[in-house]
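Beneath this line is the structure, given in structure tokens, with notes to follow.
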Amino acid sequence: MSFKEKINPGKLPLHVAVIMDGNGRWAKQKGKIRVFGHQNGVKAVRDTVEGAAEIGIKFLTMYAFSTENWNRPRYEVDALMELLVSTISKEKETLNKNNIRLLAIGDLNSLPGKCHQELQEAIRDTSANTRMSLVLALSYSSKWELMNAMKQIATKIEKHEMEASSVNEQTIAEHLCTKGIPDPELLIRTSGEYRISNFLLWQIAYAELYFTDKLWPDFRREDLYEAIVSYQQRERRFGMVSEQLSK
Ligand code: FPP
């Protein structure tokens, strides 16, 4: 029985987030340069996006480039940006055909002009699609996002547009890049690393974490389905006890 067949369609996570890791190691194992790993990572992105939409996932967030990734060698950053531009422009039609909406979170203004422009066009041209939202995290880090939210809230308080005493969880959530997007119930990380790496720290407060040794370029929809089956086998207690959940 395949993992896909084992999935309970009534208990699907609404939002799955993915830390795509291991492109560099995958390339090294094959005696190639790191960029070769990123290029092959695109195939994994495509298959995962299609596979998620196929089973009815509503939100899929993928960590494509972190704030910290700007510190990589210049040639690798440039190659990643070019890959993003070419992938977004190439895949726009496929997104539309599959009724998938593209969104992006992160410090998008720090992206090179061409990348920013291509991204904004794809977001605009897919905005009416309703089957699934694909959220690309680009130049994203959670600490940057939280700092930004705090600054915005502090400014509103300073201008007397908001009372400090009225700030609650919802206020903070509404000032994050993910405003309007439900929190992920499942976070997947590839490549055998057990870290969160500054990704969606606020939003994953109650997410189930799933780690796999697969390197990202080898990841396919069946691996996504395996993660979802694992998620469905877990008991999500949200701080309560088992007996309370079965009532
Ligand atoms: C992590 O592997 C991967 C990245 C930093 C980039 C992910 C980008 C892609 C898969 C390509 C484009 C994506 C989209 C959405 C179009 P790593 O380089 O950190 O690998 P390592 O840990 O083995 O060095």
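What follows draws every value from the coordinates through simple rules; no lab data is involved. Keep in mind the model is a prediction, meaning the values are calculated, not measured. So basically every Cβ, Gly included, is an ideal-geometry build from the backbone, and we count neighbours across all protein chains shown.
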### Message
Tally up the residues in the stretch 36-68 that are within 10 Å of the ligand (Cβ to nearest atom) and in a strand (DSSP E or B), please.
### Response
5
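Here is a yes/no grid of residues against (1) closer than 21 Å to Asp21 by Cα; (2) touching a residue at least 40 places away in the same chain (Cβ under 8 Å); (3) not hydroxyl-bearing (Ser, Thr, Tyr):
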site: Ile55; (1), (2), (3): no, yes, yes
site: Lys90; (1), (2), (3): no, no, yes
site: Asp107; (1), (2), (3): yes, yes, yes
site: Cys115; (1), (2), (3): no, no, yes
site: Gln120; (1), (2), (3): no, no, yes
site: Arg131; (1), (2), (3): no, yes, yes
site: Lys151; (1), (2), (3): no, no, yes
### Task
Select the strands (runs of 3 or more DSSP E) contained entirely in the stretch 92-201, then report the ones holding at least 3 residues which are under 18 Å from the mean Cα position of the chain (by Cα) and among the small types (Gly, Ala, Ser).
132-140
### Task
Quickly run through the stretch 86-101 and pick out the residues that are crowded, with 18+ Cβ neighbours inside 10 Å and within 10 Å of the ligand (Cβ to nearest atom).
Thr87, Ile88, Glu91
### Query
among the basic types (Lys, Arg), over 23 Å from Pro13 (Cα atoms) and within 11 Å of the ligand (Cβ to nearest atom), is that true of Arg124?
no
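Yes or no: Lys28 without any contact (Cβ under 8 Å) to a residue 40 or more places away in the chain, over 22 Å from Phe199 (Cα atoms) and within 12 Å of the ligand (Cβ to nearest atom)? Step through it out loud before you land on a result.
Numbers: without any contact (Cβ under 8 Å) to a residue 40 or more places away in the chain: yes; over 22 Å from Phe199 (Cα atoms): yes; within 12 Å of the ligand (Cβ to nearest atom): yes.
So Lys28 passes the test.
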## Note on the structure
Those residues of the stretch 158-180 which are of a type in the set (A, V, I, L, M, F, W, C) and out of contact with any strand residue (DSSP E or B) (no Cβ under 6 Å at 6 or more places or on another chain) amount to Met162, Ala164, Val167, Ile172, Ala173, Leu176
### Query
Scanning for something under 20 Å from Trp216 (Cβ atoms) and exposed (fewer than 15 other Cβ atoms within 10 Å of the Cβ), does the stretch 128-141 turn up at least one residue?
no
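Would you please name the residue that is surrounded by the most Cβ atoms within 10 Å (Cβ to Cβ), looking only at residues in the stretch 228-247 that are in contact (Cβ under 8 Å) with a residue 60 or more places away in the chain and among the hydrophobic types (A, V, I, L, M, F, W, C)? Even if it seems obvious, please write down each step before you answer.
The first filter runs over the stretch 228-247 and keeps only residues in contact (Cβ under 8 Å) with a residue 60 or more places away in the chain, leaving 228-229, 231-232.
Next, only the ones that are among the hydrophobic types (A, V, I, L, M, F, W, C) stay: 228-229.
On the way: Ile228: 27, Val229: 16.
Result: Ile228.
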### Task
Quick one: Tyr231 ticks every box in (1) outside any helix (DSSP H, G or I); (2) under 22 Å from Asp47 (Cβ atoms) except a single one, so which number is it?
(1)
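Residue by residue, here is whether (1) farther than 16 Å from Ser191 by Cβ; (2) out of contact with any Lys or Arg (no Cβ under 6 Å at 6 or more places or on another chain); (3) of a type in the set (A, V, I, L, M) holds:
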residue: His38; (1), (2), (3): no, yes, no
residue: Val42; (1), (2), (3): yes, yes, yes
residue: Glu50; (1), (2), (3): yes, yes, no
residue: Glu54; (1), (2), (3): yes, yes, no
residue: Phe59; (1), (2), (3): yes, yes, no
residue: Thr67; (1), (2), (3): yes, yes, no
residue: Trp70; (1), (2), (3): yes, yes, no
residue: Tyr75; (1), (2), (3): yes, yes, no
### Task
Only residues that are under 16 Å from Ala52 (Cα atoms) and part of a loop (DSSP other than H, G, I, E, B): list them for the stretch 202-228, please.
Phe219, Arg220
### Task
For Ile181, work out the one condition from (1) more than 17 Å from Ile57 (Cα to Cα); (2) away from the ligand (no atom under 16 Å from the Cβ); (3) not charged (D, E, K, R) it doesn't fulfil.
(1)
### Task
From (1) in a loop (DSSP other than H, G, I, E, B); (2) surrounded by fewer than 19 Cβ atoms within 10 Å (Cβ to Cβ), pick out the condition that doesn't hold for Pro13.
(2)
### Message
Can you list residue pairs whose Cβ atoms sit under 9 Å apart, with the first residue in the stretch 199-223 being within 30 Å of Asn168 (Cβ to Cβ) and the second being polar (S, T, N, Q) and within 15 Å of the ligand (Cβ to nearest atom)? Count only pairs 6 or more apart in sequence or on different chains.
### Response
Phe199/Thr61; Phe199/Ser66; Phe199/Ser141; Leu200/Thr61; Gln203/Thr61
